Amino acid sequence: MDKTEYQPSARIQALSPSATLAMSQLSSELRAQGIDVINLSVGEPDFFTPDHIKQAAIQAVNDNFSFYTPVPGYLSLRKAICDKLQRENGLFFTPEQIVVGNGAKHALCNTVMAIVNPGDEVVIPMPAWVSYEQMVILAGGTPVTVETTLEQGFKLTPEQLEAAITPRTRLLMLCSPSNPTGSIYSRAELDALGAVLERHPQVLVIADEIYEHINYVGRHESIAAYAPLAHRVAIINGVSKAYAMTGWRIGYVAAPLWLAKAVNKLQGQYTSNASSIAQMAAEAAYNGPQECVEQMRRAFLRRRDLIVGLLHDIPGLEVRVPEGAFYVFPRVTALLGRTIPAGCEGAGTVITTATDLAMYLLREAHVATVSGDAFGSPGHLRLSYATSDDNLRAAAARIKTALAKL
Ligand code: PMP
Ligand code: GLU
């Protein structure tokens, strides 16, 4: 057989690449070519990991924390996570219910794999983070996407949830604060969704709370606190966003015992433990002083106000003020159908989709964004404002100039 005939498995062929990571990669490549691209694509805090966390990692290296750890993570880290869940969320978990993985992404994918059988339906309110649907596809499940709009605050209503559930529904994937919209479900909204789920005991919930601490409206609320659901919610969280530790790759799932055991079994065959050194750093993050989290939250809030103010001033962008996370998700439908003018790369081409618009902004304004198409919401763009005020001002000015040409 000629080697050109080899193909990856059908499983991998069915997957789409991650659009967030692809856009970020493209922007790095352009920068390497000397083009001054402002990268508002990937969602990643621009702060350095706080010093006391870095010191804990250095100490762990010096103290020879260099061996395999238990598959679900050091017991001391899982205890620190249980303490955090009790202290900050009023939720009671035992260390046996925690599995630490290589970032929240890994914990999430493990959990989807441990829940979903081929043919199971998984309800995903859209827009949703790019990886949810793909993880469900990887597990052989059927994503059932439910569209939410800017007018409804991009939040799933109880009526929509009820209508989406069938006897084959196995899972609901909920993200609050949300990537990409920054929307946050209130206690009352979570309870109303909980009341619907009470009528459908076969449905489990994954609550992705990775943006928990980047909240501008108040206390974090978890659907796991809705008591009748406590035994069927898996919480996903980690240190990436709250402690500026994206590269350390530590996330976890806190789940009912049967599910934590299933995730543990999968992880034992698939990746083993997450990095021992990064685990020690994460333990310092959870047990150490928390002022750094609040300082970063305040910085993100200031930047949110800055970017929202700047974008409000740009004709064609409809901006909803996000309550959390570090993304704005303007609707751009007013700009679709316009033609790239003479003198610009791609002149004469009609911009028909948000993806076309994102590519135009990359080429013309040298600003990298992510198209809403990747999040299941055509007609929107996602901009991450986890970058400096100067970058935000410059990016908004460039976007304004480029859009004015259309
Ligand atoms: N969930 C959401 C909604 C995210 O935006 C991210 C960002 N990467 C993750 C999970 C994964 O986080 P981590 O970097 O810890 O894998
Ligand atoms: N969660 C971030 C984002 O949405 C990081 C990239 C990724 O893992 O998708 O941009």
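The values are calculated or read from the model by the stated rules, or taken from the named source; none is laboratory data. Since this is a predicted model, take the numbers as computed values, not measurements. Glycine also receives a Cβ, built like all others from the backbone with ideal geometry; neighbour counts cover every protein chain displayed.
Before moving on, here are some points about what is shown:
- Positions within the stretch 243-257 being surrounded by fewer than 24 Cβ atoms within 10 Å (Cβ to Cβ) and touching a residue at least 12 places away in the same chain (Cβ under 8 Å), in sequence order: Ala244, Thr246, Arg249, Pro256, Leu257
- All conditions but one from (1) crowded, with 19+ Cβ neighbours inside 10 Å; (2) part of a loop (DSSP other than H, G, I, E, B); (3) away from ligand 1 (no atom under 16 Å from the Cβ) apply to Thr166; the one that does not is (1).
- Members of the stretch 372-406 that are more than 16 Å from ligand 1 (Cβ to nearest atom) and either in contact with a His (Cβ under 7 Å, 6 or more places away or on another chain) or of a type in the set (Gly, Ala, Ser) (or both): Gly379, Ser388, Ala394, Ala395, Ala396, Ala397, Arg398, Ala402, Ala404
- Candidates Gly247, Gly218: the one that is small (Gly, Ala, Ser) and within 16 Å of ligand 2 (Cβ to nearest atom) is Gly247.
- Qualifying positions in the stretch 153-179 - over 23 Å from Ala224 (Cβ atoms) and touching a helix residue (DSSP H, G or I) at 6+ places or on another chain (Cβ under 9 Å): none
To keep it simple, each residue is scored yes or no on (1) in a helix (DSSP H, G or I); (2) at pLDDT below 90.
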residue	(1), (2)
Arg11	yes, no
Leu15	no, no
Ala22	yes, yes
Leu26	yes, yes
Asp36	no, no
Pro45	no, no
Thr49	no, no
His52	yes, no
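- Pairs linking a residue in the stretch 20-43 that is under 11 Å from Val367 (Cα atoms) to a residue that is part of a helix (DSSP H, G or I) and polar (S, T, N, Q), with Cβ atoms under 7 Å and 6 or more positions apart or on different chains, are Val37/Ser27; Ile38/Asn391; Asn39/Ser24; Asn39/Ser27; Ser41/Thr20; Ser41/Ser24; Ser41/Ser27.
- The residues of the stretch 148-169 that are over 15 Å from Leu190 (Cβ atoms) and among the basic types (Lys, Arg) amount to a single one, Arg168.
- Considering the stretch 169-199, the residues that are away from ligand 2 (no atom under 16 Å from the Cβ) and assigned to a loop (DSSP other than H, G, I, E, B) include one that is nearest to the chain's Cα centre (by Cα), namely Ile184.
- For the stretch 355-397, filtering for residues that are of a type in the set (Lys, Arg), within 26 Å of Met296 (Cβ to Cβ) and surrounded by fewer than 24 Cβ atoms within 10 Å (Cβ to Cβ) leaves 1.
- Single residue of the stretch 16-53 satisfying the filter (of a type in the set (A, V, I, L, M, F, W, C), away from ligand 1 (no atom under 16 Å from the Cβ) and surrounded by 15 or more Cβ atoms within 10 Å (Cβ to Cβ)) that is farthest from the chain's Cα centre (by Cα): Leu30
Rundown of residues vs (1) away from ligand 1 (no atom under 15 Å from the Cβ); (2) part of a strand (DSSP E or B); (3) crowded, with 17+ Cβ neighbours inside 10 Å, yes/no style:
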residue	(1), (2), (3)
Arg87	yes, no, no
Ala104	no, no, yes
Cys109	no, no, yes
Pro125	no, yes, yes
Ala128	no, no, yes
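Residues checked against (1) surrounded by fewer than 16 Cβ atoms within 10 Å (Cβ to Cβ); (2) part of a helix (DSSP H, G or I):
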site: Leu259; (1), (2): no, yes
site: Gly268; (1), (2): yes, yes
site: Ala274; (1), (2): no, no
site: Ala281; (1), (2): no, yes
site: Tyr286; (1), (2): no, yes
site: Ala299; (1), (2): no, yes
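- When restricted to residues that are in contact (Cβ under 8 Å) with a residue 40 or more places away in the chain and either touching a Lys or Arg at 6+ places or on another chain (Cβ under 9 Å) or more than 23 Å from Val42 (Cβ to Cβ) (or both), the stretch 150-180 contains 15.
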